[in-house]
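Step one of this worksheet: look at the structure below.
Each reported figure results from applying straightforward, stated rules to the coordinates on display, with no laboratory input. Please read these numbers as outputs of a predicted model, since none were measured by experiment. Cβ placement follows ideal geometry from the backbone for every residue including glycine, while neighbour counts extend to all protein chains displayed.
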Amino acid sequence: MEIGNRLNQLRKLSGMTQEQLAEKLHVSRQTISKWEAGVTMPDLESVVSVSRMFHISLDDLMMEEKEEMKEKEEKITLEDLMRINLHTRNMMLLLTGGLLFLMVCILSVVFIMALRHTTLSTQYMLYRYIAVGEYANVPVDYLTLLLPAIASGIIGLLLCVCYFVKSRKNYY
């Protein structure tokens, strides 16, 4: 790869425009355009500035060994790593959210069942008879209490299913 193509690649990976790069190197935008097009070659001072700016050795910037370039093309680029990192973060967020909703559902159901057991137990009915004079349990609408738990369980299951479906697509 000639230096113009390499400079173009480095500039694009860093997200800079030709104008921004030209400003940092103290040259005109047209000069950068000519370098990238291969019309002219940068002087030694500019090559050194480019290597320092992009934290790349002069050998990597100037050399054009075909075998070395094939190896570099097979390597994962910074852009690929950023995409992989973003995908992994999104997948972990999806799984964590699903598991969190499932835990809320399970804890809610356990609490509601414990509450139901307590209100229906014989000891509670006897205590209520002694304290209030009524021998009846307190009517509680358990379905209303269970609805948020069921909803969070469904959301959790959907998030976990989405995670497994998406992760399965990545394997194939």
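With r defined as the distance between the Cβ atoms of ASN90 and ARG29 and R0 fixed at 30 Å, what FRET efficiency is calculated, to the nearest 0.05? Step by step, r from the Cβ atoms, then E = 0.20. Remark: region 43-51, residue by residue, has Karplus-estimated 3J(HN,Hα) of 6, 4, 4, 5, 5, 5, 4, 5, 5 Hz, where x stands for each Gly or Pro and the curve is 6.51 cos²θ - 1.76 cosθ + 1.60 at θ = phi - 60°.
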